[in-house]
Structure formats: C-alpha cells, structure tokens
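Working notes, structure below.
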Amino acid sequence: MSIRDVYIVDAVRTPIGKFGGALSSVRPDDLAAHVVRSLVRRTPDLDPARIDDVYFGDANGAGEDNRDVARMAVLLAGLPTSVPGVTVNRLCGSGMEAVIQAARAIAVGDASVAIAGGVESMSRAPWVLQKPERAFPAGHQQLHSTTLGWRMTNPRMPAEWTVPLGEGAELVADKHAIGREEQDAFALASHRKAAAAWAEGLYDGEVVPYDGVELLRDECIRDTTSPEALAKLKPSFRPDGTVTAGNASPLNDGAAALLLVDEDGLRETGREPLARIRASAVTGVEPQLFGLGPVEAVRRALDKAGRGFADLTTVELNEAFAAQSLGCLAEWPDLDPALVNPRGGAIAIGHPLGASGARITGAVAHQLAAAGSGTGLAALCIGVGQGLALVLER
C-alpha cells in the first residue's frame, strides 16, 4: 500500500474570545459549525458531499459540546447528513490530534477529503455533580468546575502528578532557572507581536468573525501592556513564585478548522494548497512536567521528516505559560528563537484548549504560504504530561 501525500488547502479560525467575553454567549457546537461552514464556503468548487469525515478536537465535552461535537458541527453547518464526524480528546493537543488523525486517514486511503479542527468554550464549561455511590446521601454535595484542570481526581494518582497546571509551570521554571523578569519579557513580546500582526493585516486571510458578535480581533491582546505593568502582578500559584496571570495564557473561547485533501481531492478544490503535512509525533513525560512535553515530540517529528532545527523557517509553540515555553526553548539550543511565534502566541492570542492545536497548525500553514516555501513546525504541551508536534512543508 502506498502512502498518499496530504495537503492543507485552507485553514480558518474565529477571533479568540476572553473568558466571559464577546464569544461567551455562543455555544461551542455553534462555534465549531461556524468554522466548518466558513471553510466550505471558501472552496466553492468542492462539493460538500465529497467530505469523507470531519474530525474535531474538544478538551471538555461536559456541556453543550457533548454527544460528539464534530457531528453536531456538521449538521449545524448545513453539510449533507451523509458527512460523518468524530470528536477526539488529547486535552490541549486535541485540535492538532484531529488534524493528525484526519491526515492519517487520507494518507492510507481511507479518505480523500476531510475537515479537521477544534473547539472550546471555557466560558460555557459547566459545573458537574458527581453521582452518589448510593441513593439519597445526607449532607451537601460538591459541584466541580469543568473549565480547566484536575477534578474528581483518582486518589490512586500520586500527589506530585496532580499539582495545578500553574505549579507545573513553576516546576519548569525551577528546573531551568527561569526568572520572573525573563517570563514577563517573553509575555510582553507575545502581545507586541500579536498586536503588530493584526495591525499589518496578517490575520485577515484566516480569521472569520462570528456572525452577530462584535469581535473582529483576538480579545486578550494587550497593546499597551509594559514591563512595569506585568511586574506589578502577584504570583498566582506560589507566594514567592514567578508565574502570574500576565505571563500565562488566559481562559478562552474559540474554534479553528482546516481542509485536508489528497491529490484527487486537491484537483476537485481547484486551489493551490497552503502546505503539505510531512510528519508528526507524540510523547509522554512526568505529568507534573507537562510543560516540557513538546521537547522530545519535536525531536521525533523532525527526525521522521528528515529535518533538523536548521531547516525550519517558522515555528508555532503554544504558549501555555512563558516558563513552559522558555523551558522547551532551553532544551532546543539549535532552534533560532526568532522563528518562534512570529505573529504572537497564546499568552496574547489565547488558548481555547481544544482549538489551539488546530489554530497553530493553520497558522504555520498560512505562514508557509505567505513565504512561498519552507518547513514549519507546530507543537504543544499537554496537561497530564504529553507533547504533540507536527511538521509541515511547502
């Protein structure tokens, strides 16, 4: 069996909304449907009935994104009911996992045309109540927030594995001696690059605002922030810590989607592809050191692609925390940091968990298309100790 080339024809995303912000009134299945619908409309030569499957990442699934949000997106987007959909969960890597699974199906001939993406509404993530072990217990019952992090944790898990995500970032800062000033400088650069990219119109070709919502730009970008403003913020997880709300990604709402095809599907679209998928890799690490998950995943993905850090022309590294990103960069001495997140990262743009992997993959594809050629890398850390990486080429 021959392995087929897989092309990214197009990639779109919503502006990323802040927690409780402009997109908080929009259901996650509607957000997902919006990017699917927008993607299809941008390729009018493609018959929607030719879409073999729709893969969507979603990290929560406890609320309005329940019961296979990918299939709900297909139906709400008005695609033919013959188009199926499957939802995948690799937490923060879910959107990229959807891309990888769709690409794998195309590569082995199980599909010719697929949509892959991700969605998250952290604003609308519900509180959940665990069922009692027996009926009608006396006393109060606890509601668990499903917005972010551990809940209903298995008591058999070692305590060091189940620390809060921010404490995990502090552990990475300890390991690599990354100070507060360095983290704040990284965060400031993220905001400045994102603001400049929007001002230059670099996101005009990929961002599709949600109809009826007055949000045309990512909502968490702080154009006027400064070293002094960031320095005033108190540590969030340790009294004497270095991780703050200013050098960590915020809570967000948003969706992203990509159109993937083989050679036959490419001819049907009548379009020039943005990029080709070359290789991917996933790895695991100690859960509390999740922030360093991308380190080995990136090395393996590059090795599979027959490429090295010197071959890269652009890199999207999801900025869960400045400490986590800087920790990864410290372990990649051959990577030019100037290539990383050239249009801003998640600290400024936002991190809607299930959507982020699809967002950064689409960002790399658009950057390669703008450059005309090159090799791009997208990578994320994943809670509970995983890393995911994808290599694209044009």
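Let me know the charge dipole size of segment 91-139 about its Cα centre in debye, to the nearest 20, where only the beta-carbon of Lys, Arg (+1) and Asp, Glu (-1) is charged.
200 debye
In deg cm²/dmol, rounded to 500, what helix-only [θ] at 222 nm does the chain give when every DSSP H run of at least 4 residues adds -39500 (n - 2.57) and the total is split over its residues?
That comes out to -9500 deg cm²/dmol.
Cα atoms only, segment 281-339: Rg and Dmax in Å?
11.3, 31
Select from 74, 56, 154 the residue farthest towards the positive end of the dipole of segment 51-167; place +1 on Cβ of Lys and Arg, -1 on Cβ of Asp and Glu, and compute about the Cα centre.
154
If you put +1 on each Lys and Arg Cβ and -1 on each Asp and Glu Cβ, how big is the dipole of segment 220-326 around its Cα centre, in Debye rounded to 20?
260 debye
For segment 41-82, what mean projected area does the convex hull of the alpha carbons give, in nm²?
Over every viewing direction, the Cα hull of segment 41-82 projects on average to 3.4 nm².
Among 194, 294, 119, pick out the residue whose Cα is farthest towards the positive end of the charge dipole of the chain, where Lys and Arg carry +1 and Asp and Glu carry -1 on C-beta, about the Cα centre.
Farthest along the dipole direction, towards plus: 119.
Rounded to two decimals, what ratio of Rg to Rh does segment 325-392 give with C-alpha atoms and a Kirkwood Rh?
Taking Rh as the inverse mean 1/r over Cα pairs, Rg/Rh reads 0.94.
Shape of segment 119-214 from its Cα gyration tensor (a ≥ b ≥ c, root eigenvalues): rounded if a/c is under 1.5, otherwise prolate when a/b > b/c, or oblate?
Oblate, since a/c reaches 1.5 and b/c is not below a/b.
What is the antiparallel percent of DSSP beta bridges lying wholly in the chain, to the nearest 5?
75 percent
Kindly count the pairs of lysines across the chain whose alpha carbons are less than 29 Å apart, treating pairs on different chains or eight or more residues apart as eligible.
Close lysine pairs under the 29 Å cut-off: 9.
Taking all protein chains as present, what is the carbon and sulfur share of the accessible area of segment 265-394, in % to the nearest whole number, probe 1.4 Å?
48 percent
Can you run the Rg to Rh ratio on segment 187-244? Use alpha carbon positions and the Kirkwood inverse-distance Rh.
1.11
Looking at the calculated P(r) for segment 136-285, what percent of the C-alpha pair distances fall above 28 Å?
Here the long-distance tail beyond 28 Å is 48 percent of all Cα pairs in segment 136-285.
Separation of segment 322-356 and segment 167-223 by C-alpha centroid, Å?
The distance from the Cα centre of segment 322-356 to that of segment 167-223 comes to 10 Å.
Looking at the chain, I'd like the Rg to Rh ratio, where Rg is from alpha-carbon atoms and Rh is Kirkwood's inverse mean 1/r.
My calculation puts Rg/Rh at 0.96.
For residue 3 paired with residue 153, estimate the spin-label separation in nm (one decimal), with each label point 7 Å from Cα along the Cα-to-Cβ line.
Result for the modelled spin labels: 3.9 nm.
Quick check: convex hull over the Cα atoms of segment 134-177, volume per residue in Å³, rounded to an integer?
Taking the convex hull of the Cα positions in segment 134-177, it is 99 Å³ per residue.
Show me 204-217, 359-372 ranked by packing, highest mean number of other Cβ atoms within 10 Å first.
359-372, 204-217
Cα gyration tensor of segment 243-394, axes a ≥ b ≥ c as square roots of the eigenvalues: rounded (a/c below 1.5), prolate (a/b > b/c) or oblate?
prolate
Counting Lys and Arg as +1 and Asp and Glu as -1, each charge on the Cβ, what is the dipole of the chain about the Cα centre in debye, to the nearest 20?
The calculation lands at about 520 debye.
For segment 66-132, compute Rh as the Kirkwood radius over C-alpha pairs and then the Stokes-Einstein diffusion coefficient at 37 °C and 0.692 mPa s; write the answer in µm²/s, rounded to an integer.
This corresponds to a translational diffusion coefficient of 241 µm²/s.
The values are calculated or read from the model by the stated rules, or taken from the named source; none is laboratory data. Keep in mind that this is a model prediction, so the values were computed, not measured. Here Cβ is always computed from backbone atoms with ideal geometry, including for glycine, and neighbour counts include all displayed protein chains. These accessible areas exclude ligands, DNA and RNA; they are computed on the full protein's heavy atoms, side chains included. Shrake-Rupley method; radii C 1.70, N 1.55, O 1.52, S 1.80 Å.
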